[in-house]
Amino acid sequence: MSHEILANWNGVEMPLSEVTVSALDRGFLFGDGVYEVLRVYKGQPFLEAEHLERFRRSLDKISIVCQVDRLIERMQMTLENSGVTEGMIYMQVTRGAAPRTHRFPSGDVPPNELIYVEPMEVDHYAEAREQGAAVITVPDLRWKRCDIKSINLLANCMAAQQAAEQGCIEALLVNADGTVTEGSHTSVFGVRDGHVLTSPLSPSILPGITRGLVTRLAGRCGIPLHETSFSAEEIPQLDELFLTGTTAEVVPLIRVDGNLVNDGHPGPITRRLQRAYQEFVAESLSI
């Protein structure tokens, strides 16, 4: 049964539906802000330290001054008061509300800080994890600092919409040189000859928190992993393909642009990493 989503807006708890934002908020006008999403299992934020470290880094890279420790306290309080045990935490900080001008506002403009905790009543990726999923490839139209988790996601939204219109779970983004960078909201891995491949960290991709965990899990499983890009043209030569994300976890991909990946079934290495992921969740949260 659904219930009102609990939010914390600049330190005040209220239903998310009652949060109001100034029309001059720079996030609203320019996408001038950053965000973070954490998965909640059994009432506990998963990989909290890693997510918050990336959040601090994103804030620093766009020069937003925010008392992150205070924000963390609010996040923990909002999660506790929400009563959510399975869900997600959304955190967003913008540069605040100021007269509209492209340069940063002068003077002491406080950031606008939003947190909300949403229950996951339906796991939209459950079927895809079990059976495998279809994706499309689209040109990567994003800006050149994708390592910053900016709220300005228009190119990502356009790519995700293209995928949805074709009945696909995700869009893989392809650079002008043909390299697959990542998904519109996920990280992408290929498997060839028993070796896992994924794009190296750079300004061209987001340093995915689940991506980082899966690279470590591959090491624990004894699976060779190389931070090496592959091209869209190489996908037909891959043995397996999968994506990772905070809510997606580990999802096998079995079809790209209408063509089967290998035999069209989730592969053994993807399955091993799925099991390793679930085991890690259980270990880290003492479930």
Quick one: would you say Q76 is of a type outside the set (A, V, I, L, M), surrounded by fewer than 21 Cβ atoms within 10 Å (Cβ to Cβ), in a strand (DSSP E or B) and outside the structural domain of G167 (by TED's automatic domain parsing)?
no
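The rows are residues; the columns are (1) out of contact with any Asp or Glu (no Cβ under 7 Å at 6 or more places or on another chain); (2) among the acidic types (D, E).
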| position | (1), (2) |
| --- | --- |
| M158 | yes, no |
| Q162 | yes, no |
| G178 | no, no |
| E227 | yes, yes |
Do the conditions hold for V214, that is, is it in a strand (DSSP E or B), within 25 Å of L47 (Cβ to Cβ) and either modelled with pLDDT of 95 or more or in the same structural domain as S58 (by TED's automatic domain parsing) (or both)?
no
Residue pairs qualifying under the 8 Å Cβ cut-off, at least six apart or on distinct chains, with the first in region 115-140 being free of Cβ contacts under 8 Å to residues at least 60 places away in the same chain and surrounded by fewer than 17 Cβ atoms within 10 Å (Cβ to Cβ) and the second being small (G, A, S) and assigned to a loop (DSSP other than H, G, I, E, B), are P139/A176
How many residues, within region 225-277, are of a type in the set (S, T, Y) and either within 30 Å of E118 (Cβ to Cβ) or modelled with pLDDT under 95 (or both)?
5
Please give the number of the condition E182 fails out of (1) farther than 24 Å from R275 by Cβ; (2) buried (at least 16 other Cβ atoms within 10 Å of the Cβ).
(1)
Of all strands (runs of 3 or more DSSP E) fully inside region 113-184, the set with 2 or more residues that are under 15 Å from the mean Cα position of the chain (by Cα), farther than 25 Å from M75 by Cα and modelled with pLDDT of 95 or more is 170-174, 180-183
So, in region 227-249, exactly how many residues are part of a strand (DSSP E or B), hydrophobic (A, V, I, L, M, F, W, C) and within 12 Å of the chain's Cα centre (by Cα)?
1
On the basis of being farther than 30 Å from V256 by Cβ, without any contact (Cβ under 8 Å) to a residue 60 or more places away in the chain, β-branched (V, I, T) and part of a loop (DSSP other than H, G, I, E, B), does V109 make the cut?
yes
Which pairs have Cβ atoms under 9 Å, sit 6 or more apart or on different chains, and link a residue in region 273-287 that is more than 24 Å from L225 (Cα to Cα) to one that is of a type in the set (A, V, I, L, M, F, W, C)?
L285/F46; I287/V281
I'm told T186 meets every condition in (1) in contact (Cβ under 8 Å) with a residue 40 or more places away in the chain; (2) over 21 Å from S58 (Cβ atoms) except one. Can you identify the failing condition by its number?
(2)
Please enumerate the residues belonging to region 170-187 that are farther than 12 Å from A232 by Cα and out of contact with any Gly (no Cβ under 9 Å at 6 or more places or on another chain).
S184
One residue from S204, S199, S231 being in the same structural domain as K149 (by TED's automatic domain parsing), out of contact with any Phe, Trp or Tyr (no Cβ under 8 Å at 6 or more places or on another chain), buried (at least 20 other Cβ atoms within 10 Å of the Cβ) and of a type in the set (S, T, N, Q)
S199
Only one of (1) touching a Ser or Thr at 6+ places or on another chain (Cβ under 9 Å); (2) exposed (fewer than 14 other Cβ atoms within 10 Å of the Cβ) is not met by S150, so which one is it?
(2)
Here is a check on your reading of the model: is T85 assigned to a loop (DSSP other than H, G, I, E, B) and at pLDDT 95 or above?
yes
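The values are calculated or read from the model by the stated rules, or taken from the named source; none is laboratory data. These numbers come from a predicted model, not from an experiment. All Cβ positions, even for glycine, are placed from backbone atoms using ideal geometry, and neighbour counts span all protein chains on display.
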